Amino acid sequence: MIKLARNIYYKYFPSGNISTYIRFLYLKRAMRGISFSRALDAGCGTGAITRFFADNYPGTSFVGYDIDASRIEQAKASTIVGDSNNTTFHIQNLMEMDESEEYDFRSLRFVLQYVLDQQVRVLC
């Protein structure tokens, strides 16, 4: 059982970052019973949380945006064949998003500290 848990953990969090895993468990519990069809992970980084959500919400389409091209490449490269196919990753400056894009759920982790105060209102 421990080996199985370890394999699942490292599938989503290959760096072994336990704090990311703990944050995910909190989000998963807080979101219990909530359903949505289209979700944005703004500042998705390597896409670990995006993929974890995608596997737990198979009926939802997830879009991961990050301004750092190397992080998006990591996210795309770490997507394993057989993973949920409900995720896409794109290089995108959040301040230049198309305003017509609509999402039922938006996740912004470790993003707001990088934007100016007047820009925070736009994202939320």
Under a plain spin-label model, where a point goes 7 Å from the Cα along Cα-to-Cβ, how far apart in nm are Arg29 and Ser78?
-> 2.3
Put +1 on the Cβ of each Lys and Arg and -1 on the Cβ of each Asp and Glu in the stretch 35-123; which of Tyr103, Thr50, Asn93 then has its Cα farthest toward the positive end of the dipole?
-> Thr50
Residues of the stretch 42-78 with amide nitrogen under 18 Å from the 7 Å Cα-to-Cβ point of Glu102?
-> 60-63
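Values quoted throughout were computed directly from the atomic coordinates according to the rules given, and no laboratory measurement underlies them. Note that the structure is predicted; figures quoted are calculated from it, not measured. We place every Cβ from the backbone using ideal geometry, glycine too, and count neighbours over all the protein chains shown.
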